[in-house]
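What follows is a set of notes on a single structure, which appears directly below.
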Amino acid sequence: MSEVFNSYSKYIRETFGERVQKISVDAGFTCPNRDGTKGRGGCTYCNNDTFNPIYTSSQKTIIQQLNEGVAFFEPKYKAQKYLAYFQAYTNTYDSIKRLKALYDEALSHPKVIGLVISTRPDAITREIADLIEEYAKSHFVSVEIGIESTLDRSLNLLNRCHTYNETIDAFEILKNRNIHLGAHLIIGIPGESKTDFTEHAVQVSKLPIEFLKLHQLQIIKGTAMAKSYKNNSNAFELLSVNDYVEIVGEFLRHLRPDVVIERFSSESPKELLIAPFWGGLKNFEITEKVRKYMQFNAYCQGQLFK
Ligand code: SF4
C-alpha cells in the first residue's frame with residue numbers, strides 16, 4: 001500500500017542513505033520570553049524538562065554532551081551518524097560570536113554531520129541567517145521554528161509574545177539559503193475549533209517548510225498552564241486520542257503534499273504530565289493510529305490541498 005503521508009524516517013533514509021540520529025544538546029541558552037526582553041515566565045505550556053534527555057546539561061560542554069549521546073545510542077546502532085540538536089530554549093538567542101563558537105564546537109565532533117537548531121520566530125535576524133547559511137554550504141543544517149498556532153489570539157493565550165506575522169517574516173529571512181526549514185504546531189489549544197486546525201494546515205502550507213512536527217496540547221507540571229488548569233479545568237477541552245487522530249488525519253488532507261511529518265505527537269515524561277493521559281501510548285503508536293485511520297478512510301496527505 002502506498003504511503004498516506006510523508007514520513008521522516010523515509011526522508012532520512014533517502015537523504016543520507018543510512019541511519020542518522022539527533023543528539024540533543026543544552027547549550028545554556030535562555031529565551032526572550034523568559035528573560036524579560038519579550039516577556040517573563042515563558043509560554044504558558046513550557047517546561048523545558050519535558051524534552052531534555054538525561055545526558056543533556058548546560059553544565060557540560062557541547063562535546064561532552066555529544067560524546068554521552070553517542071555512548072547512549074551507539075550500542076543500538078553502531079554505524080550511524082549524528083546531528084547535533086540544539087533543542088533547549090531559544091538556540092539562536094545570543095551574539096553571533098557565541099553562536100558561532102557553539103555551532104563550530106558541535107560540528108568539530110567526528111561523528112556529527114550537521115546541525116538542527118530550534119528557535120522562536122522573533123529570534124531570527126538576517127545576520128543569524130547569514131551565519132547559519134555558511135554552515136549549510138558544507139553540512140546538513142536545519143532550523144525548526146516554533147509556530148504553535150497561526151492565530152494571534154491563540155499566541156496571546158499561550159503568552160508566546162510574538163505574532164503569526166513574525167513567523168512569516170522569519171521564514172522569509174531563512175528561505176532560499178539551502179537551510180532545511182521545519183516548524184512545530186500545537187493541536188488542541190483552548191478556543192481553537194476543528195475548522196481552525198484545518199486552516200492551520202492551509203496557512204503553514206504557504207510557508208517554505210520541509211518538515212512539520214505536531215504536538216497535542218499537554219498540561220505539564222511546573223507551568224503557568226498547570227496553574228490555570230488547577231483553578232478551572234473546564235476551560236480546557238483536552239482531546240481524546242481518537243479525536244486527535246481524526247483531527248490530524250483531516251489536517252494532513254489539507255497540508256501541502258510534499259511536507260515531511262517529523263512527529264505526530266509529544267510524549268512527555270509521565271511524572272510531569274498532568275493531562276491528557278492517553279494510556280501511556282508511545283509516539284510511534286499514535287503515528288500508527290493516524291496511518292490506519294487514514295488508510296481506512298482512503299485519506300492521503302494533500303488530498304484537499306489547493
Ligand atoms: S516554549 Fe520556547 S519560546 Fe516559549 S518560553 Fe519555552 S523556551 Fe521560550
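In segment 135-168, what count of residues is obtained for those that are within 16 Å of the ligand (Cβ to nearest atom) and either in contact with a Leu (Cβ under 6 Å, 6 or more places away or on another chain) or under 30 Å from Leu107 (Cβ atoms) (or both)?
So the answer is 10.
Sort out which residues of segment 74-102 are crowded, with 18+ Cβ neighbours inside 10 Å, modelled with pLDDT under 95 and away from the ligand (no atom under 16 Å from the Cβ), and write them in order of number.
none
So which residues in segment 261-286 are under 21 Å from Ile12 (Cα atoms) and either without any contact (Cβ under 8 Å) to a residue 12 or more places away in the chain or surrounded by fewer than 21 Cβ atoms within 10 Å (Cβ to Cβ) (or both), if there are any at all?
Residues of segment 261-286 that are under 21 Å from Ile12 (Cα atoms), as a first pass: 261-266, 282-286.
If the condition is that a residue be under 21 Å from Ile12 (Cα atoms) and either without any contact (Cβ under 8 Å) to a residue 12 or more places away in the chain or surrounded by fewer than 21 Cβ atoms within 10 Å (Cβ to Cβ) (or both), then Arg263, Ser266, Lys282, Asn283, Phe284, Glu285 are the ones that fit.
When you scan segment 1-30, how many residues do you find that are of a type outside the set (Ser, Thr, Tyr), in a loop (DSSP other than H, G, I, E, B) and within 16 Å of the ligand (Cβ to nearest atom)?
Count: 4.
Is there a residue being β-branched (Val, Ile, Thr) and more than 17 Å from Gln218 (Cβ to Cβ) anywhere in segment 267-283? Steps first, please.
Initial filter on segment 267-283 (β-branched (Val, Ile, Thr)): 274.
Remaining after also requiring more than 17 Å from Gln218 (Cβ to Cβ): none.
No - not one qualifying residue is present in segment 267-283.
Can you pull out every residue in segment 190-203 that is under 28 Å from Pro269 (Cβ atoms) and part of a loop (DSSP other than H, G, I, E, B)? Even if it seems obvious, please write down each step before you answer.
If we filter segment 190-203 for residues that are under 28 Å from Pro269 (Cβ atoms), which is where we start, we get 190-192, 197, 200.
Across segment 190-203, the qualifying residues are Pro190, Gly191, Glu192.
Evaluate the following for Glu166: is it surrounded by fewer than 21 Cβ atoms within 10 Å (Cβ to Cβ) and more than 21 Å from Thr37 (Cβ to Cβ)? Outline the logic, then answer.
Numbers: surrounded by fewer than 21 Cβ atoms within 10 Å (Cβ to Cβ): yes; more than 21 Å from Thr37 (Cβ to Cβ): no.
So Glu166 does not fit the description; no.
So which of Leu131, Leu107, Leu115 is farther than 23 Å from Gly41 by Cβ, buried (at least 22 other Cβ atoms within 10 Å of the Cβ) and more than 16 Å from the ligand (Cβ to nearest atom)? Quick ask: steps written out before the conclusion?
Numbers: Leu131 fails: buried (at least 22 other Cβ atoms within 10 Å of the Cβ); Leu107 fails: buried (at least 22 other Cβ atoms within 10 Å of the Cβ).
Criteria check complete, one pass: Leu115.
Residue by residue through segment 55-73, note down the ones that are of a type outside the set (A, V, I, L, M, F, W, C) and either farther than 22 Å from Arg13 by Cα or within 16 Å of the ligand (Cβ to nearest atom) (or both).
Going residue by residue through segment 55-73, those that are of a type outside the set (A, V, I, L, M, F, W, C) are 55-61, 64-65, 67-69.
Within segment 55-73, Tyr55, Thr56, Ser57, Ser58, Gln59, Lys60, Thr61, Gln64, Gln65, Asn67, Glu68 qualify.
Could you check segment 31-40 and list, in sequence order, the residues that are within 8 Å of the ligand (Cβ to nearest atom) and surrounded by fewer than 16 Cβ atoms within 10 Å (Cβ to Cβ)?
Of everything in segment 31-40, nothing turns out to be within 8 Å of the ligand (Cβ to nearest atom) and surrounded by fewer than 16 Cβ atoms within 10 Å (Cβ to Cβ).
Would you pick out the residues in segment 110-152 that are assigned to a loop (DSSP other than H, G, I, E, B), of a type in the set (S, T, N, Q) and closer than 26 Å to Arg34 by Cβ? Steps first, please.
Start the filter on segment 110-152 by keeping residues that are assigned to a loop (DSSP other than H, G, I, E, B), which leaves 110-111, 120, 124-125, 137-139, 149-151.
Next, only the ones that are of a type in the set (S, T, N, Q) stay: 125, 138, 149-150.
Residues satisfying the conditions are Thr125, Ser149, Thr150.
Search segment 193-214 for residues that are at positive phi and pair each with any residue that is surrounded by fewer than 16 Cβ atoms within 10 Å (Cβ to Cβ) when their beta-carbon atoms are under 9 Å apart and the residues are at least 6 apart or on different chains.
none
The values are calculated or read from the model by the stated rules, or taken from the named source; none is laboratory data. Here the structure is a predicted model, which is why all the values come from computation and not from measurement. As a convention, Cβ positions derive from the backbone with ideal geometry for all residues, glycine included, and neighbour counts pool all protein chains shown.
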